[in-house]
Each structure stands twice: as structure tokens, then as C-alpha cells.
Amino acid sequence: MAGKKSIAQWEAAFRAADKDGSGSLDVQELRDLLRKANSNITDSQIAEAFVYLDGPHGDRRITLEEFIKGMTQMEEFIKKLGALFNQYDADKSGFLEKDELRKVLESCGHKFTEAEINEILRSADKSGDGKISFEEFFNACT
């Protein structure tokens, strides 16, 4: 996850991705932009990002205004998610282990069973190392 970008950087990225010069991004242009930034992004994640950025009008074109607004909101969400992750990463290992994950989940106000916690851990832990990295945490939360 990259650090915070300025509006000028988002605008430059948008203009570079707008291959046809239409002043908006279609799904293929957004896909190319997102894959350039994250080669592991899936087609379903690209589709979700497109719907999110397209805004309430849903005209299948992402304007510069929609792009900057959406990317700024995403950066703020990632910042808050990072703070939450760090708050519960008690040993500062860069991972949430099972007991730390339990505390995150219980902070939502629900008591989870051991089986539920094990299932959530298994589902989020894509690397299979028994702990959750920030990237895995991010992917599980989005």
C-alpha cells in the first residue's frame, strides 16, 4: 500500500491512464492503472473499485473529480485500517496472531466462538502462516 499522494499526483496518474483523451476512465483504463500500481489485483477487485469510483450517477465513466474524491477517501480508509491493525498488533510484529485477531473482532461488540475465530483466521490468512499481515487484513476487510 503506497503512501499518501497529492491531488497533483492523482491527477497525473488519471491523465496518464486516460489513453483515449476523453477526460474520463473506462473500466479498461482503470484496470491498466490499478494493475500498474498492484499487479496482484484481481478482476473482481477492479470491478468493485470501478463501481466505487464511478459515483452515484453510475455512468460507466470515472471523471477526474470522481477519481480524486474516491482515491482520497480510500487513502483515508487505509490510514484508519492501518491504525486499527497497529493498535491490536500488541507485539509490533507486523502481524495479527490469533489472540490479537480475537481482540479486534471482539472490539466490534460481538463474542466470537473459538471455531468462528479459527475460520476467520483461516479465511484471511492467505499465506497459511497462521497469522495475518496488514495486506491480508486489508483484503479481508474490503
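Tell me what the chain gives for mean residue ellipticity at 222 nm when only DSSP H runs of n ≥ 4 count, each as -39,500 (n - 2.57), the sum divided by the residue total, rounded to 500 deg cm²/dmol. That calculation yields -19000 deg cm²/dmol at 222 nm. Considering region 80-128 at the alpha-carbon level, its Rg and Dmax are found to be 10.7, 28 Å. Here the gap between residue 52 and residue 81, fully extended at 0.36 nm per residue and compared with their Cα-Cα distance, gives a gain of 8.6 nm. Each residue, residue 42 and residue 73, gets one label point 7 Å from its Cα in the Cβ direction; the gap between the two is 2.3 nm. Stretching residue 117 away from residue 93 to a fully extended chain increases their span by 6.6 nm, per 0.36 nm per residue minus the current alpha-carbon distance.
Just the protein heavy atoms count here, and of the accessible area of the chain at 1.4 Å, carbon and sulfur take up 54 percent. For the residue pairs 69/103; 5/36; 5/80; 36/92; 69/92, the alpha carbons lie more than 24 Å apart in 69/103; 36/92; 69/92. Counting only lysines at least 8 places from residue 98 when in the same chain, those with an alpha carbon closer than 18 Å to its own are 111, 126, 131. Ligands, DNA and RNA are left out, and with a 1.4 angstrom probe the accessible area of region 49-127 is 64 Å² per residue. Solvent-free Debye calculation, one equal scatterer per alpha-carbon of the chain: log10 I(q)/I(0) at 0.12, 0.13, 0.17, 0.19 Å⁻¹ equals -0.59, -0.67, -0.96, -1.08. If you sort 95, 67 by accessible surface, 1.4 Å probe, largest first, the order is 95, 67.
How big is the C-alpha Rg of region 54-113 next to the rule-of-thumb value 2.2 N^0.38 Å, as a ratio? The partial results should precede the final answer.
Values: Rg = 17.0 Å, N = 60, 2.2 N^0.38 = 10.4 Å.
The reported ratio for this selection is 1.63.
Can you give me the relative contact order of region 25-142 as a percent, contacts being Cα pairs under 8 Å and 6 or more apart? Mind dumping the intermediate values first?
Values: 89 pairs, mean separation 20.1, N = 118.
Relative contact order, region 25-142: 17 percent.
The values are calculated or read from the model by the stated rules, or taken from the named source; none is laboratory data. Every value quoted in this text rests on a predicted model; they were computed, and no experiment measured them. Because the Cβ atoms are built from the backbone with ideal geometry, glycine has one as well, and the counts that use them run over all protein chains shown. Side chains are part of the model used for accessible areas, which takes the heavy atoms of the whole protein and leaves out ligands, DNA and RNA. Shrake-Rupley method; radii C 1.70, N 1.55, O 1.52, S 1.80 Å.
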